[in-house]
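The values are calculated or read from the model by the stated rules, or taken from the named source; none is laboratory data. Everything numeric here is computed off the predicted structure, so don't read it as measured data. No Cβ is skipped: glycine too gets one built from the backbone with ideal geometry, and neighbour counts run over all protein chains shown.
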Ligand SMILES: NC(=O)c1ccc[n+]([C@@H]2O[C@H](COP(=O)([O-])OP(=O)(O)OC[C@H]3O[C@@H](n4cnc5c(N)ncnc54)[C@H](O)[C@@H]3O)[C@@H](O)[C@H]2O)c1
């Protein structure tokens with residue numbers, strides 16, 4: 001930890017300076033009283049400067065970052081030189097496991113982008129390793145950090161809404177073929193997976209978080225309808241939960257990129273909860289059986305608890321919430337809202353769906369053994 005005016009200031013590094021790292025650098029620059037960016041790492045030497053220009057930071061914030069930060073081509077060299085408190089891992093998904101493991105072994109807390117890794121056993125190994133080292137893993141499960149979501153989850157857990165009946169989640173997160181041809185890893189079974197593993201994994205996590213449960217059985221169907229990619233562009237499925245609730249799932253990347261939608265519906269005994277993000281605009285309703293919408297009440301409570309600045313910052317960039325929460329978790333020795341176990345369970349679910357497609361049957365969770373995602377390449381999706 002640093003010896004600057006804030007004695008608890010933490011040193012952060014980002015490994016992987018591509019598309020999503022822009023969200024990270026923006027979040028870190030807004031938290032500059034708590035976190036100092038010390039390193040940007042990318043094996044493409046041009047990537048850090050593209051990131052710095054692409055983030056469009058205000059000139060003061062940019063010069064502050066430039067003054068504290070060094071760039072590296074090799075993350076191991078960075079770990080040795082910088083000894084960061086936090087490492088954000090924003091490389092292609094197939095590389096998450098090894099880099100995350102090396103960072104944990106070097107004593108760093110990690111902010112790991114979703115999906116946690118491409119393997120259920122690797123995810124489990126990572127969160128157990130972090131726990132044994134007393135380190136934190138925060139997952140890039142952005143939906144958990146949307147305004148008022150944590151309060152709703154808290155109240156579901158407290159029993160305010162009664163028993164959970166069923167849920168429904170829709171992720172229509174379209175990308176054109178150009179997105180898949182931009183980088184060789186995208187849309188491949190080995191390094192990315194399809195609509196479920198890339199676009200839907202954190203939405204599945206949110207459903208379990210909001211329903212205060214874990215999935216126990218899954219079954220799904222997948223296809224590749226419109227996109228030129230190895231894995232699926234469309235998936236449909238259902239899962240059953242420990243608490244008896246059922247949930248249906250639609251995840252696709254084959255819709256229009258101009259009409260992104262992620263929506264979450266929960267039918268509880270005493271209320272019906274709807275959270276949605278459509279074309280970047282959030283909407284919430286928590287409607288009781290008496291027809292009362294509690295959304296504003298939650299918003300007021302959220303502002304009272306976290307403040308207006310925080311609300312606006314997470315609404316604009318949920319990664320701000322992930323960093324703030326991880327910072328608190330490290331200082332208070334608590335657990336991040338989206339912790340390593342949530343990363344593992346979400347990947348386990350996705351792999352359960354894939355296995356149900358491969359074996360044409362319902363699959364029990366958690367998976368009892370490693371499911372190698374590459375085995376999906378043997379089926380035709382067209
Ligand atoms: N949470 C979210 O909302 C969200 C959104 C988008 C992407 N993601 C996840 O973030 C990750 C990255 O996605 P992206 O779209 O930014 O990818 P990207 O291809 O745009 O960027 C990846 C970067 O990693 C670099 N890289 C590759 N191998 C490296 C290595 N060994 N060492 C250092 N750098 C290396 C590449 O050069 C590239 O700059 C993926 O896992 C993706 O699923 C999360």
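When you check residue 84 against the structure, is it within 16 Å of the ligand (Cβ to nearest atom) and within 22 Å of residue 117 (Cβ to Cβ), yes or no?
Working: within 16 Å of the ligand (Cβ to nearest atom): yes; within 22 Å of residue 117 (Cβ to Cβ): yes.
Considered against the rule, which asks whether it is within 16 Å of the ligand (Cβ to nearest atom) and within 22 Å of residue 117 (Cβ to Cβ), residue 84 comes out as yes.
Within the range 14-69, how many residues turn out to be outside any loop (DSSP other than H, G, I, E, B), crowded, with 17+ Cβ neighbours inside 10 Å and near the ligand (Cβ under 10 Å from one of its atoms)?
Number of matching residues: 11.
Of the residues 114, 160, which single one is outside the structural domain of residue 347 (by TED's automatic domain parsing) and in contact with a helix residue (DSSP H, G or I) (Cβ under 9 Å, 6 or more places away or on another chain)? Spell out the reasoning first.
Working: 160 fails: outside the structural domain of residue 347 (by TED's automatic domain parsing).
Only one candidate qualifies: 114.
Do the conditions hold for residue 157, that is, is it within 16 Å of the ligand (Cβ to nearest atom), outside any loop (DSSP other than H, G, I, E, B), more than 16 Å from the chain's Cα centre (by Cα) and touching a residue at least 12 places away in the same chain (Cβ under 8 Å)?
In short, no.
Against the definition (more than 10 Å from the ligand (Cβ to nearest atom), crowded, with 20+ Cβ neighbours inside 10 Å and assigned to a helix (DSSP H, G or I)), how does residue 152 come out, yes or no? Please lay out each step first, then the result.
On the way: more than 10 Å from the ligand (Cβ to nearest atom): yes; crowded, with 20+ Cβ neighbours inside 10 Å: yes; assigned to a helix (DSSP H, G or I): yes.
Judged against the criteria, residue 152 is a match.
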